[in-house]
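The values are calculated or read from the model by the stated rules, or taken from the named source; none is laboratory data. Being a predicted model, the structure only gives us computed values, none of them experimental. Don't worry about glycine lacking a Cβ; one is built from the backbone with ideal geometry, like all the others, and counts go over all protein chains shown. Heads up: the accessible areas ignore ligands, DNA and RNA and are worked out on the full protein's heavy atoms, side chains in. Shrake-Rupley method; radii C 1.70, N 1.55, O 1.52, S 1.80 Å.
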Amino acid sequence: MSETPHLDARIPGRRLLQSPGPTPIPDAVLHALMGQPMDMGDPRVDETIAACETGLKQLLQTAEGDVFFFICNGHGAWEAAIENLVPPGGAVLVPGTGHFSESWAVQAEALGRRVLRTPWVEGLAIDPQAVAQALRDDPQHQIAAVFVVHTDTSSGITSDLAAIGEAMRATGHPALFVADVVASLGAEPFAMDALGVDMAVGASQKGLMCPPGVGFVATSARALSAARANPAPRFYWDIVLRKSDLSYRKFCGTPPQNLLAALRVALGLLQQEGLPQVLARHRRLAALVHAAVEGWAQGGALGFFAQQPARRSNAVTTITVPPGTDVNALRALAREDYQVAFAGALGPLQGRGFRIGHLGDQNPASLLGAIGAIEAALRAQGVPVGDGTGAAVRWLAQSAAPGASPAA
Ligand SMILES: *Cc1c(COP(=O)(O)O)cnc(C)c1O
């Protein structure tokens with residue numbers, strides 16, 4: 001027995017990680033993490049950075065954009081968006097989608113920005129017309145940017161970025177369109193240039209199948225000019241300072257070499273599988289979980305939090321539980337006894353549900369195992385559930401492989 005137990009202490013087999021982030025890491029990505037540091041002048045460092053920039057731009061589907069990396073999590077990337085795009089005294093509009101939009105809004109307020117919100121209606125996606133109305137109500141154009149969370153990882157809802165962008169443009173308001181794709185990139189279609197997104201905000205530990213530690217923003221030319229014109233005091237987060245060919249400038253110091261080596265491999269894996277195939281796999285895994293939830297719901301106690309089926313996320317499913325259910329006990333039982341880790345609900349949903357992540361390096365067999373174990377935990381805790389596992393098995397048996405039918 002080791003004196004200093006590893007983070008992932010020895011368990012027989014492999015613990016399934018059904019969290020919407022961090023997500024399971026492919027072996028090839030884990031191996032890429034293990035390397036000696038390189039000296040800062042080694043051309044392999046620049047080459048790794050360039051490969052990450054190129055791979056990420058392909059994934060984001062931006063030809064024009066710049067990518068800026070930070071050593072941080074998603075909250076750091078949020079801060080980069082706030083500090084670069086919203087001038088002191090300026091305002092930001094944050095459409096309500098749940099816990100994540102509200103957390104971003106609170107962070108912007110903490111940094112001294114004025115925040116306008118559209119109301120969050122539980123169970124529903126962002127209403128594009130509410131966003132447009134809030135912009136029309138700002139004839140002075142004080143709103144510098146609209147911060148849209150694409151997939152709210154707490155509510156398990158993906159909002160329609162195309163409709164939101166269209167509604168925004170129809171108002172003629174010049175606010176920048178900023179999208180948080182932390183939980184959606186690699187799971188939902190996202191095409192930055194085609195959507196007219198000015199800044200995409202992401203992090204390494206969700207659909208990108210890497211450890212936490214690298215956040216990034218990708219910018220349109222318009223967003224970069226806005227940052228250039230923004231007098232807000234900042235340094236580490238300043239993308240203007242980071243626009244450089246020198247890696248030391250790009251990272252405001254030492255680049256996280258091992259994490260970048262891992263990200264490069266992960267982006268390569270996604271490219272090798274093919275983006276349409278990656279998205280089809282996520283749609284299929286989401287449908288598998290949806291089949292299980294419909295089966296469980298037959299017991300009369302569980303249900304979907306997301307009320308609009310078309311807006312249910314392909315990355316994570318949020319499931320409501322009856323009052324009095326001890327979600328933490330469910331999670332502990334599943335994690336410690338059955339080796340399946342899943343997530344609780346956050347913010348205003350805390351205690352009212354749980355979440356199954358189906359994001360990243362996942363396949364139908366591992367997901368079926370997780371579904372079965374979660375059902376066992378629900379039954380062991382006396383929650384009345386229908387035969388969700390059987391329903392998922394039956395759904396899988398009649399579903400076509402993603403290659404055969406992309407709509408599956
Ligand atoms: C996870 C997540 C974040 C925050 O990321 P951290 O790495 O935990 O700081 C932000 N936005 C969304 C949509 C997320 O899913």
> Name the residues in region 103-127 that are acidic (Asp, Glu) and under 15 Å from Ala145 (Cα atoms), would you?
Replying inline: Glu109
> From the residues in region 37-77 that are touching a Ser or Thr at 6+ places or on another chain (Cβ under 8 Å) and of a type in the set (D, E, K, R), which one is most open to solvent (accessible area, probe 1.4 Å)?
Replying inline: Glu64
> Is region 95-105 home to any residue that is touching a Phe, Trp or Tyr at 6+ places or on another chain (Cβ under 6 Å), over 25 Å from Tyr248 (Cβ atoms), at pLDDT 95 or above and among the polar types (S, T, N, Q)?
Replying inline: no
> Picking from Pro12, Pro87, Pro37, Pro24, which residue would you name as being within 16 Å of the ligand (Cβ to nearest atom) and assigned to a loop (DSSP other than H, G, I, E, B)?
Replying inline: Pro24
>> Against the conditions (1) over 19 Å from Ala81 (Cα atoms); (2) hydrophobic (A, V, I, L, M, F, W, C); (3) within 10 Å of the ligand (Cβ to nearest atom), where does Ala170 fall short? Just the number, please.
In response: (3)
> Among (1) more than 16 Å from the ligand (Cβ to nearest atom); (2) modelled with pLDDT of 95 or more, which single condition is Leu246 missing?
Replying inline: (2)
> Restricting attention to region 305-340, which residues are touching a residue at least 60 places away in the same chain (Cβ under 8 Å), part of a strand (DSSP E or B) and of a type outside the set (Lys, Arg)?
Replying inline: Val316, Thr317, Thr318, Val340
> How many residues does region 50-77 hold that are part of a helix (DSSP H, G or I) and either in contact with a strand residue (DSSP E or B) (Cβ under 8 Å, 6 or more places away or on another chain) or within 16 Å of the ligand (Cβ to nearest atom) (or both)?
Replying inline: 10
> Out of all the residues in region 126-144, is one or more under 22 Å from the mean Cα position of the chain (by Cα), closer than 20 Å to Val197 by Cβ, surrounded by fewer than 24 Cβ atoms within 10 Å (Cβ to Cβ) and not assigned by TED's automatic domain parsing to the domain that holds Phe305?
Replying inline: yes
> When you go through (1) within 12 Å of the ligand (Cβ to nearest atom); (2) touching a helix residue (DSSP H, G or I) at 6+ places or on another chain (Cβ under 7 Å) one by one for Pro212, which number turns out not to apply?
Replying inline: (2)
> Looking at region 97-125, which of its residues are among the hydroxyl-bearing types (Ser, Thr, Tyr), within 14 Å of the ligand (Cβ to nearest atom) and free of Cβ contacts under 8 Å to residues at least 40 places away in the same chain?
Replying inline: none
> Here are Ser204, Ser220: which of them is among the polar types (S, T, N, Q), under 23 Å from the mean Cα position of the chain (by Cα), within 16 Å of the ligand (Cβ to nearest atom) and not assigned by TED's automatic domain parsing to the domain that holds Asn363?
Replying inline: Ser204
> How do the pairs read when you match residues in region 143-158 that are closer than 10 Å to Val94 by Cα with residues anywhere that are within 11 Å of the ligand (Cβ to nearest atom) and open to solvent by 10 Å² or more (accessible area, probe 1.4 Å), using Cβ under 7 Å and keeping only pairs 6 or more apart or on different chains?
Replying inline: Val149/Phe100
>> Can you go through Ala162, Ala175, Ala187, Ala223 and tell me which one is open to solvent by 10 Å² or more (accessible area, probe 1.4 Å) and among the small types (Gly, Ala, Ser)?
In response: Ala162
>> I need the full set of residues from region 78-106 which are open to solvent by less than 50 Å² (accessible area, probe 1.4 Å) and within 15 Å of Leu346 (Cβ to Cβ), in order please.
In response: Gly96, Thr97, Gly98, Phe100, Ser101, Ser103, Trp104, Ala105
>> Could you tell me how many of the residues in region 241-286 are assigned to a helix (DSSP H, G or I) and either more than 16 Å from the chain's Cα centre (by Cα) or farther than 17 Å from Gly213 by Cβ (or both)?
In response: 32
> So which residues in region 376-392 are open to solvent by less than 30 Å² (accessible area, probe 1.4 Å) and either under 27 Å from the mean Cα position of the chain (by Cα) or β-branched (Val, Ile, Thr) (or both)?
Replying inline: Ala377, Leu378, Val383, Val385, Gly388, Ala392
> Is it the case that Val94 is aliphatic (A, V, I, L, M), away from the ligand (no atom under 13 Å from the Cβ) and in the same structural domain as Cys252 (by TED's automatic domain parsing)?
Replying inline: no
> Given the residues Ala179, Ala167, which is the only one that is among the hydrophobic types (A, V, I, L, M, F, W, C), outside the structural domain of Gly357 (by TED's automatic domain parsing) and outside any helix (DSSP H, G or I)?
Replying inline: Ala179
